[in-house]
Amino acid sequence: MDAPLFTGNAVEGTTTLFSTDFYDEKAYLSQSGQLYGEAMAMAMGKIYTFGPTFRAEKSKTRRHLSEFWMIEPEMAFYDNDMNMDLIESFMKYIIKDIKENCKAEFEVLERDTAIFDIIINDKFPRLTYDKAAKILVGKEKVNGKTTLETLENDLKVVNKSIENDLKEIEDAENQIKAGVKKGKRNYLQNKIDTLKNQLKELEERQKQIPQWINSAKNFKYGSDFGGSDETVLTRMFDLPVMVYNWPHEIKAFYMKRDKENPELAKGVDVLAPEGYGEIVGGGERETNEELLVEKINEHKLPMSAFEWYLDLRRYGSVPHAGFGLGLERMVAWTCKLKHIRETIPFPRMYGRLLP
């Protein structure tokens, strides 16, 4: 089902909205079809929307676009555990399908698809926010190692690889200087060019790893995970990681509170391995009108814009949950692309409007 792209209200926060004039009335480009999806799920049971969404964050990271496509299922009579089951089966279905049908494309991209077999056959790790935070800062081990130990070892490996590449480049350059036949010279030059490209990536990693270590050491419990935090956490797993039960203050106003611990919201983020971070965000939706009103006020959102949404609770509701999967982020990870702008023909991102 389709959700409107012109909306009268925020979904993810007022600071990430593109505003526009809608017949002399202020409107916004949609951040998500989710709120409308909830209304449609109340009528149809299980629905999904699939269309463009917009975020006005002034961010230039390799994970951000200002206009992107998102598929957003919403299911009546689902709790967050059922929601996570569906997310996992959905992602596995995608991976299995592209592994079987896109072999030629992955060969062109030189994408090692061995990780896909692990993803298809193994269960995704599910971590509470509390456990994920402990792993992140090095208080809990995964497979006998902490994040800090793993990253420090990664840095040693990178430093050694840089040292080896520099030596190989020097040896090849010395052979060319000494004089070799044309065929041998071309071979050596190609080797030098390949090693230099590899060296750039290693030197970038050499700069990043100390930043990741520092970020992990200084993470404050109760904070949202940033890009570096997601990279550190997923470094410990070969599979996408599901982090659930978040502090409600850092999650969207519509997330359902956990009955056993009202300080937590029943949300879930799915973090892809290999440093790609969040691909899916979702959770169970709050059905209590009073708690929703409290959260709308807490987020300083205009109550009038959400009266229609509150009506879905006032006149009867059911437990329901859903999620949003970012298409371009999924493509970037599965194809192992360096930047999300490579996943879309005409990327729209901070500082880029043309062509």
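Applying the Kirkwood pairwise sum to the alpha-carbon positions of region 1-154 produces a hydrodynamic radius of 19.3 angstrom. The Rg/Rh ratio for region 257-345, using Cα coordinates for both the radius of gyration and the Kirkwood hydrodynamic radius, is 1.11. Cross-link reach is defined here as a Cα-Cα straight distance under 24 Å, omitting same-chain residues fewer than 8 places apart; for K295 the lysines meeting it are K26, K220, K251, K256, K259, K266.
From helices alone, the chain scores -14500 deg cm²/dmol at 222 nm; the rule is -39500 (n - 2.57) for each run of n ≥ 4 DSSP H residues, then divide by the residue total. With a ≥ b ≥ c taken as the square roots of the eigenvalues of the C-alpha gyration tensor of region 107-162, please select rounded if a/c is under 1.5 and otherwise prolate if a/b is larger than b/c or oblate if it is not? Here region 107-162 falls in the oblate category.
Evaluating 6.51 cos²θ - 1.76 cosθ + 1.60 at θ = phi - 60° for every residue in region 321-338, the Karplus couplings come out as 8, x, 7, x, 10, x, 4, 5, 5, 5, 5, 4, 5, 5, 8, 6, 8, 6 Hz, glycine and proline recorded as x. Sorted from longest to shortest, the spans of the Cα atoms of region 191-250 along the three principal axes equal 52, 25, 16 Å.
Once each part is reduced to its C-alpha centroid, what is the distance from region 96-121 to region 297-339 in angstrom? Cα centroid of region 96-121 versus Cα centroid of region 297-339: 30 Å apart. With the alpha-carbon atoms of region 144-218 aligned to their principal axes, the span from lowest to highest coordinate is 55, 19, 16 Å, starting with the largest.
Close amide H pairs (under 5 Å, H built 1.01 Å from N) link M70 with G51, T53, L327, residues at least 5 positions away or on another chain. The tail of the calculated P(r) for the chain, taken as Cα-Cα distances beyond 30 Å, holds 45 percent of the pairs. Amide hydrogen proximity for M255: with H placed 1.01 Å from N in the peptide plane, the residues at 5 or more positions away or on another chain lying under 5 Å are E286. Projected onto the charge dipole of the chain (+1 at Lys/Arg Cβ, -1 at Asp/Glu Cβ, origin at the Cα centre), which of I115, G138, N164 gives the Cα projection farthest towards the positive end? After comparing all options, I get N164. With θ taken as phi - 60° and the Karplus curve 6.51 cos²θ - 1.76 cosθ + 1.60 applied, the whole-hertz 3J(HN,Hα) list for region 36-50 is 5, x, 4, 4, 5, 5, 4, 8, 10, x, 10, 9, 9, 10, 8 Hz, x standing for glycine and proline. Straight-line reach from K103: taking Cα to Cα under 14 Å and skipping same-chain neighbours fewer than 8 places apart, the aspartates and glutamates in range are D112, D117. Computed from phi, the 3J(HN,Hα) profile of region 214-230 under the Karplus parametrisation 6.51, -1.76, 1.60 (θ = phi - 60°) reads 5, 4, 5, 5, 9, 5, 9, 4, x, 7, 6, 7, x, x, 5, 4, 4 Hz, with x in place of Gly and Pro. Amide H contacts of E278: A272, each under 5 Å away and 5 or more positions distant or on a separate chain (H built 1.01 Å from N in the peptide plane; Pro and chain starts excluded).
Since every read-out is calculated from the coordinates, none of them should be taken as a lab result. Computed from a prediction, not measured in an experiment: that's the story for all the values here. Heads up, the Cβs are rebuilt from the backbone with ideal geometry, glycines too, and the neighbour counts pull from every protein chain shown.
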